[in-house]
Amino acid sequence: MDVAVGWFADPVYLGSYPQSMKDMLKDRLPEFTAEELELLKDSSDFYGCNFYTTNTCKAGAEDETNGNAHLLFTRPDGSALGPESDLDWLRDIPWGFRKHLNYLYKRYNKPIYVTENGYAVKGESQMAPEDAIRE
């Protein structure tokens, strides 16, 4: 969450990058001047949230943009995490959306506006619109 959200939101709402980002990226993480932080910190009245899916994470990846974690659609027991969609990166996981909203509110204490959200029903491009809506 520090990489997916905190990298961008922590400076705005909390005034600095998450410590885990500082530890991971060290001198490669840009630094704000005191004046920039003064302008930036608490400069937004709300959090605009684009949310589509939930993943479980497993340590050991090489990709820093995902916090050196593998993003998975399986639970630790190997069972599937939400039904497949028409897109390989998207699953319908309502409880993950709720957890995400709770995390954001507890961390930043701001109203949250969901600015993007959606789901591609498997096979919907071959369905009649009235059938896709029911799926």
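Only the coordinates and a few stated rules stand behind these numbers; no lab work does. Not measured: the values here are computed from a predicted model. When we count neighbours, we look across all protein chains shown, and the Cβ atoms used for this are built from the backbone with ideal geometry, even at glycine.
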For segment 2-134, the dipole about the Cα centre with charges only on Cβ (Lys and Arg +1, Asp and Glu -1), to the nearest 20 debye, works out at 540 debye
Expected vector for segment 40-50, Karplus 3J(HN,Hα) from phi with 6.51, -1.76, 1.60 and θ = phi - 60°, integer Hz, x for Gly and Pro, equals 7, 4, 6, 8, 10, 8, 8, 10, x, 10, 9
For residue 70, other-chain or 5+-apart residues with amide H closer than 5 Å (H placed, Pro excluded) are 58, 59, 60, 61
Among 54, 78, 34, the residue whose Cα sits farthest towards the positive end of the charge dipole of segment 2-134 (+1 at Cβ of Lys and Arg, -1 at Cβ of Asp and Glu, taken about the Cα centre) is 78
For residue 91, other-chain or 5+-apart residues with amide H closer than 5 Å (H placed, Pro excluded) are 54
One finds, for residue 124 and residue 75 with R0 = 30 angstrom and r their Cβ-Cβ distance, a FRET efficiency to the nearest 0.05 of 0.70
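Give, in whole angstrom and from largest to smallest, the semi-axes √(5λ) of the equivalent ellipsoid of the chain, with λ running over the eigenvalues of the Cα gyration tensor.
32, 20, 12
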DSSP beta bridges in the chain: the antiparallel percent, rounded to 5, is 60 percent
In terms of the charge dipole of the chain, which places +1 on Lys and Arg and -1 on Asp and Glu at the beta carbon, the residue among 133, 103, 123 farthest towards the positive end is 103
Counting all Cα-Cα pairs in segment 70-135, those more than 18 Å apart amount in percent to 53 percent
So the angle from the long Cα axis of helix 94-108 to the longest Cα principal axis of the chain, reported in degrees to the nearest 10, equals 10 degrees
From DSSP H assignment alone, runs of 4+ in the chain each adding -39500 (n - 2.57), the sum over residues rounded to the nearest 500 puts [θ] at 222 nm at -8500 deg cm²/dmol
Any trypsin sites (Lys or Arg not before Pro) in segment 1-87 that lie in a DSSP loop and have at most 16 other Cβ atoms within 10 Å would be 41
